[in-house]
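The values are calculated or read from the model by the stated rules, or taken from the named source; none is laboratory data. Keep in mind that what you see is a predicted model, and the values were worked out from it rather than measured. In this analysis, Cβ positions are derived from the backbone assuming ideal geometry, glycine residues included, and neighbour counts consider all displayed protein chains. Heavy atoms of the whole protein, side chains included, go into the accessibility calculation; ligands, DNA and RNA do not. Shrake-Rupley method; radii C 1.70, N 1.55, O 1.52, S 1.80 Å.
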Amino acid sequence: MDSNETIVTGQIVHLRKLSKKMMFVDIIANNDISDSQSEDNNCLRKNLVFKFWDLASCMWDKTNRGDDKLHHGDIVQFHGTWHKDLFSVRDYTFINKWSDISKDNTAFKPIPPINNKHKSTQESNIPCKYFVNTGKCETTNCAYLHETNSKKLKSSRNNYVQERIQRRILEHEIQFDDESISSEKNGLHPATKRCEEFTNWLVNQYGDDYLRSGIILDVAGGRGDLAFELAVKRGYNCQIVDPRPQKLKRWQVKLLKKNPDLKSPVHHTRMFDKDFFQNVNLDVKDVKLIIGMHPDEATECIIDIGLLYCIPVSFVPCCVFSALFPNRRLSSGDQPTSLPEFIQYLCEKSSNIQIKSLPFIGRNQVLFSMPNSNNFYKEGET
Ligand SMILES: C[S@@+](CC[C@H](N)C(=O)[O-])C[C@H]1O[C@@H](n2cnc3c(N)ncnc32)[C@H](O)[C@@H]1O
């Protein structure tokens, strides 16, 4: 704990998530809570920031999911440090939740900061995202466009939703692109090279003959970078399993065009689950390895199905999704909520799971089992 650490307490009047790395919270400090719903409160506000890269890895889940999720109107004690006018939060505890304070269950009306630059008299052409989504905007002097033509509003809304979906899907890739800037300095490869590095490691670990002896399933392959490395560049029979369709990069399209003998990998556009083999008519015996790079919700399926059918697995876990899987328990009885705890949880499934670190920045721990080693569960498991 920092020796300058202090506590600020107040009611959350505005929450702003910039990305998975940063969230801003505005509070009206304790004494001034009676004024919090007043419009003229800019001078009473305190600006807080969560810098998730500086915090314990469970903090993202804590602030965004489950019982400790922060909501507008909650009265919270924040622990952290002041840097000029901005308070960096390390942790927090609830004094009172809005759901308990609000007598008639009305939602707390968020109070966005009054932004002087929005007071321009000339309306912007950029649609107001609140108006696009809800048909109303409560921002004082909002300078964004409030489209009144219902056809145009509908098309703005469709565009907004599509962009948001795309942004979410790409969040991962963008995050890694950012990191690649600093990567050269610490000797690790940039995260954009993660699929290449994972492929090199797989070939070293399992050997060329083994990988050529059957099918490699790339579960949650996303846009297909890992399978492209294995199938197109190395000639293995690597097949993607992901409901999200493959999207080749420009250099990949060029490479395929230049080399008509090369084929892009087979893609099973469906979820991976225990019925997968039957549904796609694949003989389990032909599958030699199940792999996954940052496979999100499919992570646990990979290990469970590998163990169920005695297929070696090799995957690099990433997000935990503890709210989606509330029944997971460590041997200690605790719910795994951070990545290290999730990795521990996965390793506790079988003593044949090993861990190594791959040489790229970002989430780079590979959990893997070797052929003929994963056909037993831990003692006591069925
Ligand atoms: C973070 S992306 C990873 C993409 C890619 N492996 C990479 O590293 O760039 C996670 C992917 O998991 C896929 N996914 C989630 N659950 C799945 C499941 N049960 N079976 C197959 N794919 C799944 C999503 O569609 C998404 O494309």
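Per residue, how many Å² of accessible area does the range 191-368 show with a 1.4 Å probe?
For the range 191-368, the solvent-accessible area averages 46 Å² per residue.
The order of Lys349, Lys109 by accessible area, most exposed first and with a 1.4 Å probe, is Lys109, Lys349.
Prolate is the label for the range 309-353, because a/c, from the alpha-carbon gyration tensor with a ≥ b ≥ c as root eigenvalues, is 1.5 or above and a/b exceeds b/c.
The heavy atoms of Arg270 present about 90 square angstrom of accessible area, all protein chains included, probe 1.4 Å. Give the residue from Leu289, Phe277, Pro260 lying farthest towards the positive end of the charge dipole for the range 237-304; charges sit on Cβ (+1 for Lys and Arg, -1 for Asp and Glu) and the dipole is referred to the Cα centre. Highest projection toward the positive end goes to Pro260.
Mind jotting down a quarter of the surface of the convex hull over the alpha carbons of the range 6-112, in square nanometres, one decimal?
On the way: hull surface 26.6 nm².
Computed as one quarter of the Cα hull surface, the answer is 6.6 nm².
Could you give the alpha-carbon Rg of the range 191-368 over 2.2 N^0.38 Å, rounded to two decimals?
That works out to 1.02 for the range 191-368.
Label separation (Arg234 vs Ala29): 5.8 nm, computed from points 7 Å beyond Cα along the C-beta direction. Taking all protein chains together, Lys129, Lys258, Lys69 sort by accessible area into Lys258, Lys129, Lys69, largest first [probe 1.4 Å]. Counting only protein heavy atoms and using a 1.4 Å probe, what share of the accessible area of the range 188-296 belongs to carbon plus sulfur, as a whole percent? Looking at the range 188-296 in its full context, I get 47 percent from C and S. The length gained on full extension between Phe52 and Gln77, counted as 0.36 nm times the residue separation minus their Cα-Cα distance, comes to 7.2 nm. Within the range 240-316, all pairs of alpha-carbon atoms sorted by distance into 5 Å bins from zero give the percentages 3, 13, 22, 23, 16, 12, 9, 3, 0. For His267, the residues whose amide H sits under 5 Å from its own are Ile240, ignoring neighbours fewer than 5 places away on the same chain, with H placed 1.01 Å from N.
Relative to one another, the C-alpha centroids of the range 300-342 and the range 232-252 are positioned 25 Å apart. Across the range 151-157, coupling constants 3J(HN,Hα) worked out from phi with the 6.51/-1.76/1.60 Karplus curve, θ = phi - 60°, read 5, 5, 5, 4, 6, 4, 5 Hz, and Gly and Pro carry x. Considering all different alpha carbon pairs of the range 282-382, the Kirkwood hydrodynamic radius works out to 13.9 Å.
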